[in-house]
Amino acid sequence: MELQLIKGDITQLHTDAIVNAANSGLMGGGGVDGAIHRAGGPEIMDECQLIREREGGCPTGEAVITTSGSLPAKKLIHTVGPVWKGGHSDEEAKLHACYINALKLAESNDLQSIAFPNISTGVYGYPKSDAARVAINAVKSFKSNVITKVVFVCFDDANHQIYQQLLSE
Ligand code: ADP
C-alpha cells in the first residue's frame with residue numbers, strides 16, 4: 001500500500017474514494033464537509049437523508065458510503081470524528097476507528113485508492129500532531145489486498161508540516 005501526502009483541496013482528488021469528516025446527523029456543515037457538499041452537489045445530501053431515515057445517521061467512529069455526486073472521485077465515504085474533550089473520552093480509539101472503518105468500507109466496495117482529510121483537526125479541535133499519529137498508525141496497521149494507495153490530504157500548512165515530518169520518520 002502506497003502512502004501519499006498532498007497539500008490541497010480533497011474535492012479535487014481523482015482517487016476511487018474520498019473521505020468526508022462528517023457529523024453524526026450527516027447534515028453537512030462547515031470545513032471539509034461543507035466544501036464536499038458544495039462541490040459535489042445535492043445528490044450527496046439526498047443519499048445522506050436516506051441513510052438518516054434508515055439508520056438515524058452515523059455514530060462517531062463509524063463510516064457510511066454514498067454517491068460522490070459530481071466530484072471526480074468515484075465514491076464518498078463519510079466518517080464522524082470525535083470532538084476533542086481533553087483526551088479522556090476515548091477520542092483516540094474513536095479517531096482510529098474512523099480510519100479503519102473508512103478503509104474497510106473502501107475495501108468492501110472494491111475501491112483501490114482513498115484520500116483522507118485530517119479528521120477532527122478543524123472545528124472538532126483534536127490536537128493536530130496527535131491526530132496525525134493516530135491517522136498514520138491506523139492506515140499503516142491496515143493490511144489490504146484491495147487498497148493500493150492512501151492519500152493524506154492536508155489543507156492547512158500546520159497539518160502538512162506535521163505529516164511531512166511523521167511520514168519521513
Ligand atoms: P472536523 O469537524 O472533523 O474537525 P473540519 O472540516 O472542521 O472537520 O476540519 C477537518 C480538517 O479538514 C481540517 O484540518 C481542515 O483544515 C481540513 N479541510 C477544510 N477544508 C478542506 C478541503 N476542502 N479539503 C481538505 N481538507 C479540508
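The values are calculated or read from the model by the stated rules, or taken from the named source; none is laboratory data. In this text, all values refer to a predicted model and were calculated from it rather than measured experimentally. Methodologically, a virtual Cβ is constructed for each residue, glycine included, from the backbone with ideal geometry; neighbour enumeration extends over all protein chains shown. Keep in mind that these areas ignore ligands, DNA and RNA; they rest on the heavy atoms of the full protein, side chains included. Shrake-Rupley method; radii C 1.70, N 1.55, O 1.52, S 1.80 Å.
If we keep just the residues of the range 137-169 that are part of a loop (DSSP other than H, G, I, E, B), among the hydrophobic types (A, V, I, L, M, F, W, C) and in contact with a strand residue (DSSP E or B) (Cβ under 9 Å, 6 or more places away or on another chain), which is least open to solvent (accessible area, probe 1.4 Å)? Ranking the candidates gives 147 first.
Scanning the range 82-131 for residues that are over 19 Å from residue 161 (Cβ atoms), of a type in the set (Asp, Glu) and assigned to a helix (DSSP H, G or I) gives 91, 92, 107.
Cβ-Cβ contacts under 7 Å between residues 6 or more apart (or on different chains), taken from a first residue in the range 33-48 that is near the ligand (Cβ under 9 Å from one of its atoms) to a second residue that is modelled with pLDDT under 95 and hydroxyl-bearing (Ser, Thr, Tyr), are absent.
Contact map, the range 1-22: first residue without any contact (Cβ under 8 Å) to a residue 40 or more places away in the chain, second residue of a type in the set (A, V, I, L, M, F, W, C) and buried (at least 23 other Cβ atoms within 10 Å of the Cβ), Cβ cut-off under 7 Å, separation 6 or more or different chains; the map is empty. Answer yes if at least one residue in the range 123-138 is acidic (Asp, Glu) and more than 27 Å from residue 88 (Cβ to Cβ), and no otherwise. The answer is no, given that none of the residues of the range 123-138 is acidic (Asp, Glu) and more than 27 Å from residue 88 (Cβ to Cβ). Please find, within the range 76-131, the residue that is nearest to residue 39 (Cα to Cα) out of those that are within 13 Å of the ligand (Cβ to nearest atom) and of a type in the set (Ser, Thr, Tyr). Filtering first and then ranking leaves 79. When residues in the range 6-21 are screened for being within 14 Å of the chain's Cα centre (by Cα) and more than 8 Å from the ligand (Cβ to nearest atom), 7 of them pass. Here the condition is being at pLDDT below 95 and either among the acidic types (Asp, Glu) or over 16 Å from residue 135 (Cβ atoms) (or both); of 28, 8, it holds for 28 alone.
When the test is whether a residue is farther than 16 Å from residue 61 by Cα, in contact with a strand residue (DSSP E or B) (Cβ under 9 Å, 6 or more places away or on another chain) and either touching a residue at least 12 places away in the same chain (Cβ under 8 Å) or surrounded by fewer than 23 Cβ atoms within 10 Å (Cβ to Cβ) (or both), residue 109 passes it.
Once the range 17-35 is narrowed to residues that are of a type outside the set (Val, Ile, Thr) and part of a strand (DSSP E or B), the residue that is surrounded by the fewest Cβ atoms within 10 Å (Cβ to Cβ) is 21. Here is a check on your reading of the model: is residue 134 within 16 Å of the ligand (Cβ to nearest atom), part of a loop (DSSP other than H, G, I, E, B) and either of a type in the set (A, V, I, L, M, F, W, C) or in contact (Cβ under 8 Å) with a residue 60 or more places away in the chain (or both)? Against the criterion (within 16 Å of the ligand (Cβ to nearest atom), part of a loop (DSSP other than H, G, I, E, B) and either of a type in the set (A, V, I, L, M, F, W, C) or in contact (Cβ under 8 Å) with a residue 60 or more places away in the chain (or both)), residue 134 does not qualify.
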